[in-house]
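Structure first, then comments.
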Amino acid sequence: MKKLFALILSIASLPGFAQEKNFIDQPYIEVTGTAEMKVAPDEIYLRITLDEDDFKGKDSMEEKEKEFLEQLKRLDINISEDLTVRDMASNFDNLIFGTEINTRKTFVLKVREAAMAGSVMQALSKIDISKIDIDHVNHSELEDFRQQVKIMAIEAARKKAGDLAVAIGQSIGNAIYIQEISKTWPRPQSNPANVLMEVNYFNETPDVSFEKLNLEYSIMVRFILNQAQSD
């Protein structure tokens, strides 16, 4: 029994235990601050597929790929930096008189403006390349925007706590607990269903717009609640 009592005293003397006890003993106010920001993407990734079936009898895959690259160069796109090969495959079809090989090649092209995405679509449609999809969108400074939204959420929590404390004639002190709560999980949008794209091909340069990236964070904060001073 004495050993058990000594063990309890030892645990109670640990720093973590003492801090928890002090935390419980303190009067505090708990609030949640929320902030939101919408950011227009400045990195748009187009998935472009060259399928030999689409231009068979007109051009070879090599000729069509060369024509494809020339169109991008005319738009002043840096091919070495912004164009990558996603996939390359060949389909073998057994025919009566032999075997035919159909080649398909998929590229991912990064552009930085919606207007440029529209120009690429229009330029490629002129050379019979129509398999163009939105792979995903992103923003080059997304991490910085995330931090800004979190700070805005904490500031909102502090204001809310201060206003509530004043209403009962008290004030808030230091924060003693902070917890980040993501109401949404902001990430580069990769689901085509989440990307709003409007294309108007009747203009000389088609109008293209994308849904903005939505960043929303909630931060739960506990502030020490200072007792009202007596007169």
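The values are calculated or read from the model by the stated rules, or taken from the named source; none is laboratory data. Here the structure is a predicted model, which is why all the values come from computation and not from measurement. All Cβ positions, even for glycine, are placed from backbone atoms using ideal geometry, and neighbour counts span all protein chains on display.
Looking at Phe92, Phe55, just one residue is modelled with pLDDT under 90 and either in contact with a strand residue (DSSP E or B) (Cβ under 8 Å, 6 or more places away or on another chain) or assigned by TED's automatic domain parsing to the domain that holds Arg222 (or both), and that residue is Phe92. Take the conditions at pLDDT 90 or above, among the aliphatic types (A, V, I, L, M) and either surrounded by fewer than 16 Cβ atoms within 10 Å (Cβ to Cβ) or within 28 Å of Tyr217 (Cα to Cα) (or both) and apply them to Met116. Does it pass? The answer is no for Met116.
The combined condition, being surrounded by 14 or more Cβ atoms within 10 Å (Cβ to Cβ), touching a strand residue (DSSP E or B) at 6+ places or on another chain (Cβ under 6 Å) and outside the structural domain of Ile129 (by TED's automatic domain parsing), is fulfilled by Thr32. Selection of the range 43-66 for residues being part of a helix (DSSP H, G or I) and surrounded by fewer than 18 Cβ atoms within 10 Å (Cβ to Cβ) yields Asp53, Asp54, Phe55, Glu62, Glu63, Glu65, Lys66.
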